[in-house]
Amino acid sequence: MQPEISRSHGSCISTGKPEDRAGSRPARSGALRRLRPRHYGWLVALACTILIGALPVGAQDWPTKPIEVVVGYPPGGGTDMISRAISDVGAKYLGQPLVVNNKPGATGIIGSQYVFSSKPDGYTLLVAGGSETVSVPNFKTLPFNPITDFDPIIRLMIERIGFYVRTDSPWKSMKDFVEDAKKNPDKYTYATSGVGGLHHATVMVTEKRTGMRLTHVPHKGGAETLAALAGGHVNVAMASPNEAYALVQGGRVRCLAITSLTRSPTEPNTPFMRELGYDVYIENQKGFVYPKGVPQPIRQKIHDALKKAFDDPQFKANAAKMQLELAYLNGEDFRKAMKSMFDQIGESV
């Protein structure tokens, strides 16, 4: 509980009794008598400065040791790559190393649980925004709420999601596919990288909002998903433009639609769902969040340092080499974007 003085918003409120006002106030002591009215202002300012400065001492000193960056996936993937790229550059703006710690398992939930249970002192960050945040928690009961039990700090990148078909597919557009699928419920199959993941959830949202019904064929990863499509084993595959790039360039598959709010730089001729009149907005976002309870001054301090790292030419060059699509959002806008996706999926599961 904050002390009562915090409600004064920095002003000093007299607690003297009415009879102590001018005319009935007892004589001042010698020390106080020697103080002239003009001295009171700086005394009050000094007192308030001491009080205010005493509150965030930890924030003023922070960080005094390395900061752990928890990645809920194995090394080598997009989540891991963006984490290491920003951590390498961010250290020079924070004055302490950012140490990536991979804790894979349960589609990112192992890492999320670890950070949720950590001390809210600013030394444990979670890379979040994807399946572990907006999708998986809608499929199973967890001891935490991914939206309200964490405080977003910064969004760094997005990975778009597309509906891919073979180049010889009879559907020339997303509208063709939706209309055909609505007339033939459960006839057509789609591949994703697993049950409960973001790609699976994206199709469920699309089914809910278009009225079509498809049959899910889960696989163990993006490579298997696209191989199943290229081999003619499924009708549709959910993938990111980067994952599908080689097959698209090779003329083996094409994209019907993207589920972002804008067209993809990798697929500039492919429309996005809202452009076609379908209210579907799902992206694989990646950014940093804290467990609830980290003091606001620390949250602001790390945001500012990471934003400087985000704008650093070295980071941008490294991200470009890895073909990562950077997309900054501040903490509050990152929360809104995650909640939008979390709610869409929750309504469709």
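The values are calculated or read from the model by the stated rules, or taken from the named source; none is laboratory data. Just so you know, these numbers come straight off a predicted model, no measurement behind them. Virtual Cβ from ideal backbone geometry, glycine too; neighbours counted across all protein chains shown.
Looking at Leu32, Leu94 in this structure, which one is at pLDDT below 75 and of a type outside the set (Asp, Glu)?
Details: Leu94 fails: at pLDDT below 75.
Criteria check complete, one pass: Leu32.
Within region 122-186, which strands (runs of 3 or more DSSP E) (wholly inside it) include 2 or more residues that are among the polar types (S, T, N, Q) and buried (at least 20 other Cβ atoms within 10 Å of the Cβ)? Lay out the reasoning, then the answer.
Details: elements: 124-128, 150-159, 162-166.
Passing ranges: none, list empty.
Among the residues of region 260-276, are any assigned to a helix (DSSP H, G or I) and of a type in the set (Lys, Arg)?
The answer is yes; a qualifying residue exists.
Determine if region 287-297 includes at least one residue that is outside any strand (DSSP E or B) and touching a Ser or Thr at 6+ places or on another chain (Cβ under 8 Å).
Initially, region 287-297 is screened for residues outside any strand (DSSP E or B), giving 292-297.
Those still in the list that are touching a Ser or Thr at 6+ places or on another chain (Cβ under 8 Å) too: 292.
Yes, the conditions are met somewhere in region 287-297.
Scan region 270-328 for residues that are closer than 30 Å to Lys208 by Cα, among the hydroxyl-bearing types (Ser, Thr, Tyr) and either touching a Pro at 6+ places or on another chain (Cβ under 9 Å) or surrounded by fewer than 18 Cβ atoms within 10 Å (Cβ to Cβ) (or both) and report the count.
Here the count works out to 3.
Evaluate the following for Val195: is it among the β-branched types (Val, Ile, Thr), part of a loop (DSSP other than H, G, I, E, B) and surrounded by 19 or more Cβ atoms within 10 Å (Cβ to Cβ)?
Values: among the β-branched types (Val, Ile, Thr): yes; part of a loop (DSSP other than H, G, I, E, B): yes; surrounded by 19 or more Cβ atoms within 10 Å (Cβ to Cβ): no.
In short, no.
Hey, among Thr262, Thr225, Thr270, which residue is touching a Leu at 6+ places or on another chain (Cβ under 9 Å), of a type in the set (S, T, N, Q) and either at pLDDT 95 or above or outside the structural domain of Gly78 (by TED's automatic domain parsing) (or both)? Walk me through it before giving the result.
Details: Thr262 fails: touching a Leu at 6+ places or on another chain (Cβ under 9 Å); Thr225 fails: touching a Leu at 6+ places or on another chain (Cβ under 9 Å).
None of the others qualify; the one that does is Thr270.
Just one of Val234, Val280, Val248, Val217 is in contact with a strand residue (DSSP E or B) (Cβ under 8 Å, 6 or more places away or on another chain) and closer than 24 Å to Leu324 by Cα; which is it?
Working: Val234 fails: closer than 24 Å to Leu324 by Cα; Val280 fails: in contact with a strand residue (DSSP E or B) (Cβ under 8 Å, 6 or more places away or on another chain); Val217 fails: closer than 24 Å to Leu324 by Cα.
Exactly one of Val234, Val280, Val248, Val217 is in contact with a strand residue (DSSP E or B) (Cβ under 8 Å, 6 or more places away or on another chain) and closer than 24 Å to Leu324 by Cα, namely Val248.
Here's a check for you: in region 61-82, which residue that is without any contact (Cβ under 8 Å) to a residue 60 or more places away in the chain and in a helix (DSSP H, G or I) is surrounded by the fewest Cβ atoms within 10 Å (Cβ to Cβ)? If you could, list the steps in order and put the result at the bottom.
Of region 61-82, the ones without any contact (Cβ under 8 Å) to a residue 60 or more places away in the chain are 61, 64-66, 68, 70-71, 73-77, 80.
Those left that are additionally in a helix (DSSP H, G or I): 61, 80.
Numbers: Asp61: 8, Asp80: 18.
Result: Asp61.
Quick one: is Asn145 within 30 Å of Pro297 (Cβ to Cβ) and either without any contact (Cβ under 8 Å) to a residue 12 or more places away in the chain or not assigned by TED's automatic domain parsing to the domain that holds Leu329 (or both)? Full working, then the answer.
On the way: within 30 Å of Pro297 (Cβ to Cβ): yes; either without any contact (Cβ under 8 Å) to a residue 12 or more places away in the chain or not assigned by TED's automatic domain parsing to the domain that holds Leu329 (or both): yes.
In short, yes.
Just give me the residues in region 205-254 being in a strand (DSSP E or B) and without any contact (Cβ under 8 Å) to a residue 12 or more places away in the chain, in sequence order. Show your work before the answer.
Just the residues of region 205-254 that are in a strand (DSSP E or B), to begin with: 215-218, 236-239, 253-254.
Across region 205-254, there are no qualifying residues.
For region 305-330, which residues satisfy the criterion of being assigned to a helix (DSSP H, G or I), over 15 Å from the mean Cα position of the chain (by Cα) and in contact (Cβ under 8 Å) with a residue 12 or more places away in the chain? Outline the logic, then answer.
Taking region 305-330 first, the residues assigned to a helix (DSSP H, G or I) are 305-311, 313-321.
From what's left, over 15 Å from the mean Cα position of the chain (by Cα): 305, 308-309, 311, 313-321.
Within region 305-330, Ala305, Lys308, Ala309, Gln314, Phe315, Asn318, Ala319 meet the criteria.
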